[in-house]
Every structure is written in structure tokens, then in C-alpha cells.
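The next block holds one structure in the form of C-alpha cells; read it before the comments.
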């Protein structure tokens with residue numbers, strides 16, 4: 001078991017290294033002249049001489065490779081520099097905004113779990129029934145409607161018409177979480193239904209049913225344990241996607257989270273913020289996938305041998 005975990009951890013090191021190279025390269029090549037942006041913060045109307053002095057001051061005149069390793073050394077100590085916009089430590093601001101995004105993502109994942117697993121399981125037990133029909137309707141709309149459009153409609157109906165939530169102010173966290181989760185419901189209902197249907201057709205399930213095992217143990221324990229394995233892996237990927245893709249939902253519902261913070265940084269070309277966001281979110285997604293692999297190995301010991 002320990003060898004399995006160690007193997008997975010060692011695999012993460014080159015992945016994060018590649019991410020760091022891509023992060024630095026994309027920001028370095030695509031953000032414009034960082035020296036000019038910094039000079040505009042220090043001088044009212046920076047001249048070419050002022051820009052060159054700023055370039056030397058921040059080490060931007062050095063070769064890109066040297067800049068990268070200097071940046072990587074600071075990143076490894078948690079220093080992503082200061083924001084061009086606020087002149088505050090980027091990591092400190094990231095920590096300030098991150099809890100809202102984490103809460104939003106957890107709520108969205110919980111909504112997916114609470115809805116998708118029961119609907120998928122019951123749809124497999126009674127194909128063509130009422131729950132199966134409702135599940136198909138949810139699946140149809142889930143895969144057909146973009147999440148941002150659903151969010152705008154909910155905001156219009158619940159905010160502008162029914163006055164249930166405030167249009168501005170970010171108090172609709174649950175509605176925002178439902179909006180984020182909605183696009184994942186259909187896929188996971190189908191995945192759970194297919195997994196459950198496949199398990200129910202197995203010989204050992206038919207044998208267990210013939211022996212008179214209670215429905216609760218048969219379906220709730222034996223069938224669910226095997227059918228939920230592919231869904232568990234999917235949930236890890238979904239949670240990572242929620243964390244890293246919350247910017248649009250946060251902007252729609254005026255939630256001051258890390259996604260909205262990063263989106264504003266892209267608009268203002270705030271390079272340190274963009275670099276911090278990409279690196280930290282990549283690390284979180286990688287760690288979430290590691291946790292899912294470990295959980296999967298407990299649910300299915302055969303995985304440890306691979």
C-alpha cells in the first residue's frame with residue numbers, strides 16, 4: 001500500500017515541474033512587457049529610460065531560463081511576488097479569496113452526489129419507472145444547457161422576479177453551487193445507472209438474490225459498492241474542475257472567490273496573480289487526484305497491484 005502511494009507521489013513531481021515551465025512560459029510570452037507595467041506603477045509617465053531601469057531592478061533583463069529558475073526558487077518557498085494591481089503579496093490575497101471558492105465547490109459536489117447517486121441507482125433498479133423518466137429529463141437538460149445560461153436564468157427568476165436572492169452582493173451561494181453542479185448531473189446519473197445495471201447482471205448478484213439476502217444489503221451494500229467505483233473517480237475530477245473553473249459562476253453571482261480574482265487578473269495582465277493561480281490550482285487538482293487514487297485503492301484492492 002505504501003509503495004502504491006509513494007509511486008503516485010513521485011509521479012506528481014515531474015507533472016508539477018512541467019506545469020511550472022508552461023505557467024512561466026505562457027505568462028512570460030503572452031502578458032506583454034512586464035517592465036512597462038511595473039514602471040507605470042512607479043512613474044506617472046515612464047520614459048524608455050525608466051522602463052529599462054525597472055527591467056534591471058526586477059531582473060527582467062536576464063535570460064528567460066535564469067528568470068525561470070529564480071522564479072521557481074521563490075515559488076518553492078511560497079513567494080509568488082506582489083500583485084501588479086494592489087502591490088500586496090499574491091499568496092496572501094489568494095488565501096483570502098480561496099475559502100469562498102472552496103465552499104462553493106464543496107456545495108456543488110455535494111449536490112451532484114446527493115442527486116446523481118440515488119437517481120442513477122433507482123433508475124437502474126426500475127428502468128422505465130417514474131424516477132428513471134425524471135432522471136432522463138434531468139440528464140437531457142443538464143447536457144443541453146450551458147451552466148452560465150442556467151445561472152443567468154436563475155438569477156433573473158429568483159433575483160429580479162421573485163426577489164428570493166439579491167442580484168448583487170453574493171448571498172446566493174447555494175444557487176451558485178446548484179448552477180455549477182447542474183452541468184454535471186446528467187453525466188453522473190447516466191454513469192451511475194450504467195454501473196448499477198452492469199453489476200445487477202452479474203452472476204454473483206443473481207446468486208445472492210436467490211439466497212434470500214435482504215434488498216437493503218443486496219443493493220445498498222454489495223451492488224452499490226461495485227457500481228460506485230467509476231463514479232468516485234469522476235467525482236475527484238469534477239471537484240478539481242469546480243475549483244479551477246469557478247470564475248464564470250463567481251462573476252455571475254458576485255461571489256468574491258479565487259476564480260473571479262484570477263479573471264480580473266487576466267483582464268489587467270497581473271502576471272504574478274495568474275502564475276500563482278495556475279500553479280496553486282494545478283497542485284490542488286493533482287493532490288485531489290492523488291486522494292482519489294488512494295481512496296479507489298481502498299475500495300478496490302486490485303488497483304494497488306497495477
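The values are calculated or read from the model by the stated rules, or taken from the named source; none is laboratory data. Since the structure is predicted, the reported quantities are computational estimates derived from the model, not experimental observations. Virtual Cβ from ideal backbone geometry, glycine too; neighbours counted across all protein chains shown.
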Practice prompt. Considering only residues that are under 14 Å from the mean Cα position of the chain (by Cα) and closer than 19 Å to residue 85 by Cα, look in the range 230-261 and name the one that is surrounded by the fewest Cβ atoms within 10 Å (Cβ to Cβ).
Written response: 247
Discussion item. Scan the range 59-66 and tell me whether some residue there is exposed (fewer than 11 other Cβ atoms within 10 Å of the Cβ), more than 30 Å from the chain's Cα centre (by Cα) and part of a loop (DSSP other than H, G, I, E, B).
Written reply: yes
Discussion item. For a quick check of your reading: which helices (runs of 4 or more DSSP H) sit entirely within the range 216-267 and have at least 3 residues that are at pLDDT 85 or above, over 18 Å from residue 290 (Cβ atoms) and in contact with a helix residue (DSSP H, G or I) (Cβ under 8 Å, 6 or more places away or on another chain)?
Written reply: 247-252
Worksheet, complete the sentence: All conditions in (1) free of Cβ contacts under 8 Å to residues at least 60 places away in the same chain; (2) closer than 18 Å to residue 262 by Cβ are true of residue 75 except (1)
Practice prompt. Considering each residue of the range 78-112, count those that are outside any helix (DSSP H, G or I) and without any contact (Cβ under 8 Å) to a residue 12 or more places away in the chain, and give that number.
Written response: 3
Practice prompt. Considering only the range 140-213, give the helices (runs of 4 or more DSSP H) lying wholly within it that have at least 1 residues that are surrounded by 14 or more Cβ atoms within 10 Å (Cβ to Cβ), assigned by TED's automatic domain parsing to the domain that holds residue 121 and under 22 Å from the mean Cα position of the chain (by Cα).
Written response: 147-154, 173-200
Worksheet item: Yes or no: residue 87 surrounded by fewer than 14 Cβ atoms within 10 Å (Cβ to Cβ) and either assigned by TED's automatic domain parsing to the domain that holds residue 236 or in contact with a helix residue (DSSP H, G or I) (Cβ under 9 Å, 6 or more places away or on another chain) (or both)?
Response: yes
